[in-house]
Amino acid sequence: MVSWIISRLVVLIFGTLYPAYYSYKAVKSKDIKEYVKWMMYWIIFALFTTAETFTDIFLCWFPFYYELKIAFVAWLLSPYTKGSSLLYRKFVHPTLSSKEKEIDDCLVQAKDRSYDALVHYGKRGLNVAATAAVMAASKGQGALSERLRSFSMQDLSTIRGDGAPAPSGPPPPGSGRASGKHGQPKMSRSASESAGSSGTA
């Protein structure tokens, strides 16, 4: 664990930050020689980082594995060994030069396929989103209609009866007769009482 931490710190500081700063100085000074030197280093370092991803999984048990990584980074950076320049000129440049056309064709095909795949899956995503929106809207409308149907005619008539005003038309025919019948005895009784009082006087 300690060896892993030390190796990661060495690769981060001396393998990444230190070359990045000197690459900045080479770009700023417009020194072609230094610019080419650090470009070769970054190409080799990119290959090293790619290989490191797999070797850390399958070769981490190897004795002195992390110490060898530190030594390799120091060999790449050393101005005496010029390891990055040596690897680039002896191996990387001849290999890339011989396979450059095939690599370019593969990249163009991958770019076209990725664009087609992006368009295809983009359309599918839009169709799925539109379908989901339509289904959500239909479910909401169905729930509203079911809520309205839950009100029965009796509930509606009750609501209407509670809010309707009292009728203001003429009374029904039967009501006048009833009141007349009840009113006649009262009139005759009052007339007889007045007659009796006048006779005694």
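For the reader, a short list of remarks on this structure follows.
- Cα gyration tensor shape for the range 1-144, rounded if a/c is under 1.5, else prolate or oblate: prolate
- Rounded FRET efficiency, nearest 0.05, which uses the C-beta distance separating A46 from R124 and R0 of 45 Å: 0.85
- Local charge for E34 was computed over the other residues whose Cβ lies under 12 Å away, with Lys and Arg +1 and Asp and Glu -1, and equals +4.
- Each residue of the range 9-73 gets 69 Å³ once the volume of the Cα convex hull is shared out per residue.
- Among the chymotrypsin sites (Phe, Trp or Tyr not before Pro) in the range 19-74, those located in a DSSP loop and surrounded by at most 16 other Cβ atoms within 10 Å of their own Cβ are W61, F64.
- Counting only residues at least eight positions apart within a chain, or on another chain, the lysines with an alpha carbon under 19 Å from that of K37 are K25, K28, K82, K90.
Readers should treat all values here as calculations from the given coordinates under stated rules, not as data from a laboratory. Being a predicted model, the structure only gives us computed values, none of them experimental. Because the Cβ atoms are built from the backbone with ideal geometry, glycine has one as well, and the counts that use them run over all protein chains shown.
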